[in-house]
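Below you will find the structure I want to go over with you.
The values are calculated or read from the model by the stated rules, or taken from the named source; none is laboratory data. Because the structure is predicted, anything quoted here is derived from the model rather than measured. Note: ideal-geometry Cβ built from the backbone for every residue, glycine included; neighbour counts use all protein chains shown.
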Amino acid sequence: MSNSAIPSFLRLSASEQESLGRLGPILAARADNFAHTFYQRVQSSPELRETLADLGEANLLRLRNDLAENYRALLLSDYDDDRRHALYAMGAHYASTGLHPEWLVAIYNLYGEALEAEALSVTLPVSEAIALHGALAKRLELDMFWHLEGYQKALVEDRDRAEDALETQKIFYQLLVETLQMLRDREMESPEQIFQSLVDRLAAISGMPLVWIGQLREGESQVQVVAAGGEARAYTRDLSISADPRLPEGQGPWGKSLRTLRPVIFNDLAVVDFAPWREQAARFGLGGNALMVVPTRLGQWVSIAFYRHVGRSFPVEVGGLVERIARELAAFLERREVADDLLRLRRYQQAQREIQRELLDQPDPLALYRLLAQRLMEHTDALGAYVAVPDMDSEWLSMAAVAGAYGDYFRQYLHLSKDVDRFPEGHLIGAQAYRQRAPVIVSHLSEIASLRGFWEHVPDGAEFLNAGGAAGSWPIFAGGAGGNGEPSAIFSIVSKDPDTFGPDLQDLMAEIAQAAGIALAQYEARQSLLHLSLYDPLTGVPNRAYFAQSTQGALSHAAREGRVLAVGILDLDGFKEVNDVLGHAAGDHLLHAIAQRLQGVRRADDVVARLGGDEFGFALSIAHPDDLAMVSQRILGAVGESAADIGFTAVTASLGWACAPRDGEEFGTLLAHADEAMYAAKASGNGSYRLYGASLSAAVKHRIDVYTAFPLGVSDGSLRFFLQPQADVLAGRIDGVEMLVRWRRDGRRWTHPSGFMAVVEGDITLIRALGILAMQEAVRLRQRFRDEGLDLRISFNIGAHHFIHPAFLDDVAEHCPDGLGLVVEITESTSLADLDRARGIMEGLKARGFQLSMDDFGTGYASLLSVAELPFDEIKIAQDFIFGLRRHSASFAVVGAARLLGDLSGRALIAEGIATGRDLDTWLHMGGQRIQGYHLTPPLPENAFLTWHRYLLPIMRHPPIPYPVEDLALLLHDTENASEIMELLQLRAERCPLGIWFAKARERAGNLPHFEAAEAAHQRLHDLARAGEGAALPTAMREIRLLTKQLYQEI
């Protein structure tokens, strides 16, 4: 290395070079003493001693030798390329042992201390001491720099190799799928045609320069290349490969695979075994190669080889996939020769293709197991299939997936044990496959004594044995290969045909198991890179995936121990408001605080997980469901305390439980039942819990039904707004409509709001969604009316909780910013619950052009003064009072008050519920003008209203003259309610409302012709009633009605 390759500030001056050359050998003699001193220093520190102990004896010895050798090299070596590469190699070695770079810096600090001490021990002139000190400092700096550079390069190379390995595996998985597809879809073509198309396709997909397929026929020793694809295909023209291990051409990759029956990967073409082809490979720019040779039952061998460009290598992980592709080629050749085997395998192969395709999606283990069982059951005539997984904490395997006619039977009665000595279940075929780590195939199940001895003690066991002619179990190993590792799962299938599992089908099933194992390894590799995938990154608690997996194991464990496993779902009440009002950061803070508090109240074996959003899951092993009372209070209390600690006192929780085995034995079933119980808790009031299966009232079940179905109704269009017209009767025109919601579920008839609104109004999420939908529909309907040339006001209702919600005006700004021509109806009780807040919201609506209507006036608790203070444009009198005008005297008071309020404040009045001509006549007598109700029409679908609206107005030829407010008492006896009249008539005449009117009106109306006659008739009516002369009352009633009407005409 030239001196210029070393940074200028680290180059030795002449005096430094001369000083180091003369004194270096003296200092170097102390190298072994330095290494020993360093080792003793490390041993004196417990922390350092423990860290070095993790390196192992061999690495520790090498470290000591390296320290001594490097000490000498610092003083004696030339700093050239050899020295730099040596330091790079040392750095790479330390990186591979896991030694932290801080250790290297610490070692160089010790080097510096030792060399400084040694230099001081030598008596030198000042100038030479300075030169020696400078030389040592520069050497140490440069040495440490190269050392750390090698360390970092090794880390980068390791990372690049890992990423390349994953990417290469993905490519080979694609090649495997393409191979399967082509060999199945084009099986009627000749093998030569298919093989050539295949290698061309594989080379194109992978970007490799060469892919070739070879065959060795029975009795021959020379391998024939039958197809070659890629830019370097010419490499194979004169390729000589032998099966004879005595020849150099028989000692390469092909020969090794032939003799070991394993995939062979050659990444170093400089090895002796590759000598016959090295020069030719270099000429074509070829690098690492991967090859597999597979025998066929036809007496021949087939192979496939993949080559990368020069400088590129194959990771060892692709060996299993190369083997799979090669075995597919062998299987193809066998299928071509043995047509009967092809027919027998066809359905299983179809299942295999679907499995392979779906494995590309890299499902989680539980989904993969279900996929295996379900796809084979869908495409074959097998009786049943199951996948069992080992329980690492016990001697048992638990059912991860079942399918087929006997699926439920397997789950109920088939318990596999790892221990054949203690449990008879250890003799079962799946248990044998687990212990032997190899496939177990059994024909004629009923003839196997150990199986017969077990199944005879199981309900319907003899019937099962007679039905099942054959069974096979295959271990699934993560990575696809067997070895000494524990199987990840056991995949078993039972068929009624004793000859089902011939050699071909056994191979196919082994391939499926191997593919599943490779998919498991891919999943585990991805999980290792995404280690947070089982935990919620926000709260740090387990997530839904972890919850599902752990609960599966807990179910099996609880069943064996005879305990109850409780699965719970907790949903926060009021959390959405935190997000909406304070922002997502505050919501995240609250979720984290609650999660940590929940972790603090759980027992060691309990599982607390965040299932998503503001929902948490629990899995607890308990002795009895009654134990959940105390547990629930602890959990709900933890939520409340967490929320209160950080200032969110309005946040509570609803908690639902389902218990195994009472409420189900499968995770999915228990989770669904816990969810239903949670909704029952939510329906009964926030901050409570419920157990699934506890007696729930019909009302609660109805609430649950609405809670779960209503959000879908908002999104799928099953909620519609019917239109009911509003008319100014005296002006003779329809001047507006009210939007009234209807819900059509499952194609049934439209449901009136009375069937769901009580539940919807009690939940802020639901009522807010409905309010937003109403705004959107009002905007759309307004535009349609304009397009139709209609000038009609559009009224829509806003629920109480939505109106007072902090985000209500934001919803208006987003979904209905322009209120021109729109009327927002607000109930009396809502608007008056908080006058100041209501006034602010209403002013915000008015600023956007909305008109405001007080809905259901008279049903709340407001004073007229309070109502007058709010900026309403309109007062709608509740239909109960309109209905009661002819039935209850109190209705007169309410309606009269409304009229007085309207007259004094200038607000318009509208009567809801005008159902008959008599209702209309009474309302008009009382001074009313605008109406809404069935007398015009029931609420109509939108298109029907647009068709019929012009025909809906009632004809008023002679509108009645309205009574002044002070004379409304003259209408009092015009009622249909006999009991109401009798109650009034029991009073003394002068205390009756009409009697009071006579007293007050005498001065202004006493001289009218019928005044005294009417007053006398009124007195006589009271006298008859109090005397009990009921037979005379009807005549007296008719008389007073006639006289009061005549009197009003005179007034």
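Which condition does residue 539 not pass, out of (1) among the hydroxyl-bearing types (Ser, Thr, Tyr); (2) in a helix (DSSP H, G or I); (3) surrounded by 16 or more Cβ atoms within 10 Å (Cβ to Cβ), if it passes all the others?
(2)
Next question. Please go through region 260-303 and give me each residue that is among the small types (Gly, Ala, Ser), at pLDDT 90 or above and either part of a helix (DSSP H, G or I) or surrounded by fewer than 17 Cβ atoms within 10 Å (Cβ to Cβ) (or both), ordered by number. Give the derivation first.
Pass one, region 260-303, residues among the small types (Gly, Ala, Ser): 270, 275, 281-282, 285, 287-288, 290, 299, 303.
In the following step, the residues that additionally are at pLDDT 90 or above were identified as 281-282, 285, 287-288, 290, 303.
281, 282, 285 - these are the residues of region 260-303 that are among the small types (Gly, Ala, Ser), at pLDDT 90 or above and either part of a helix (DSSP H, G or I) or surrounded by fewer than 17 Cβ atoms within 10 Å (Cβ to Cβ) (or both).
Show the residue pairs meeting these rules: Cβ distance below 7 Å; 6+ apart or different chains; first residue within region 222-251 and closer than 17 Å to residue 308 by Cβ and at pLDDT 90 or above; second residue surrounded by fewer than 18 Cβ atoms within 10 Å (Cβ to Cβ) and charged (D, E, K, R).
From residues that are closer than 17 Å to residue 308 by Cβ and at pLDDT 90 or above, the pairs are 229/200.
Looking only at region 992-1031, which residues are surrounded by 13 or more Cβ atoms within 10 Å (Cβ to Cβ) and outside any helix (DSSP H, G or I)?
Hits for region 992-1031 are 992, 1008, 1010.
Determine whether residue 163 is more than 22 Å from residue 291 (Cβ to Cβ), part of a helix (DSSP H, G or I), outside the structural domain of residue 293 (by TED's automatic domain parsing) and of a type in the set (Asp, Glu).
yes
Then there is this: If residue 396 meets every condition in (1) among the hydrophobic types (A, V, I, L, M, F, W, C); (2) crowded, with 22+ Cβ neighbours inside 10 Å; (3) at pLDDT 85 or above apart from one, which number is that one?
(2)
Can you tell me which residues in region 80-98 are over 22 Å from residue 7 (Cα atoms) and in contact with a Leu (Cβ under 7 Å, 6 or more places away or on another chain)? Steps first, answer last, please.
Applying the first criterion (over 22 Å from residue 7 (Cα atoms)) to region 80-98 yields 92-98.
Result: 94, 95, 97.
Residues that are at pLDDT below 80 and charged (D, E, K, R): find the helices (runs of 4 or more DSSP H) completely inside region 1-115 holding 2 or more of those.
31-43, 46-53, 57-76
Follow-up question, since we're still on this one. Just to be sure before I move on: is residue 643 within 21 Å of residue 585 (Cα to Cα) and not in a helix (DSSP H, G or I) in the structure I sent?
Taking the combined requirement at face value, the residue does not satisfy it.
Quickly run through region 753-765 and pick out the residues that are in contact (Cβ under 8 Å) with a residue 24 or more places away in the chain and within 17 Å of residue 740 (Cβ to Cβ).
Passing the criteria: 756, 760, 761.
Residue 215 passes all but one of (1) assigned to a helix (DSSP H, G or I); (2) more than 25 Å from residue 512 (Cβ to Cβ); which number fails?
Only one criterion is unmet by residue 215, namely (1).
Among the residues that make up region 316-328, is at least one of them among the hydrophobic types (A, V, I, L, M, F, W, C), modelled with pLDDT under 90, surrounded by 17 or more Cβ atoms within 10 Å (Cβ to Cβ) and part of a helix (DSSP H, G or I)?
Checked against the condition, which is being among the hydrophobic types (A, V, I, L, M, F, W, C), modelled with pLDDT under 90, surrounded by 17 or more Cβ atoms within 10 Å (Cβ to Cβ) and part of a helix (DSSP H, G or I), region 316-328 yields at least one hit.
Any idea how many residues of region 766-784 are of a type outside the set (D, E, K, R) and without any contact (Cβ under 8 Å) to a residue 12 or more places away in the chain?
Adding up the residues that qualify gives 1.
Can I ask one more? Return the pairs, sorted by first residue and then second, in which the second residue is of a type in the set (Ser, Thr, Tyr) and surrounded by 20 or more Cβ atoms within 10 Å (Cβ to Cβ), the first residue lies in region 825-840 and is modelled with pLDDT of 80 or more, the beta carbons are less than 7 Å apart, and the residues are 6+ apart or on different chains.
Partner pairs satisfying both residue conditions: 825/795; 825/853; 838/831.
Residues to consider are 766, 773; find the one that is modelled with pLDDT of 95 or more, under 34 Å from the mean Cα position of the chain (by Cα) and not basic (Lys, Arg).
The conditions single out 773.
Taking interchain pairs and intrachain pairs at least six residues apart, which have beta carbon atoms under 6 angstrom, with the first residue in region 804-824 and assigned by TED's automatic domain parsing to the domain that holds residue 765 and the second among the aromatic types (Phe, Trp, Tyr)?
Close Cβ pairs (under 6 Å, with a partner that is among the aromatic types (Phe, Trp, Tyr)) amount to 819/850; 822/850; 824/850.
Please find, among 972, 1008, 985, 1024, the residue that is outside the structural domain of residue 895 (by TED's automatic domain parsing), at pLDDT 75 or above and under 28 Å from residue 923 (Cβ atoms).
Sole residue among the options that is outside the structural domain of residue 895 (by TED's automatic domain parsing), at pLDDT 75 or above and under 28 Å from residue 923 (Cβ atoms): 1008.
Suppose we keep only residues that are in a helix (DSSP H, G or I) and touching a helix residue (DSSP H, G or I) at 6+ places or on another chain (Cβ under 9 Å) within region 927-950. Which one would you say is surrounded by the fewest Cβ atoms within 10 Å (Cβ to Cβ)?
Selected residue: 946.
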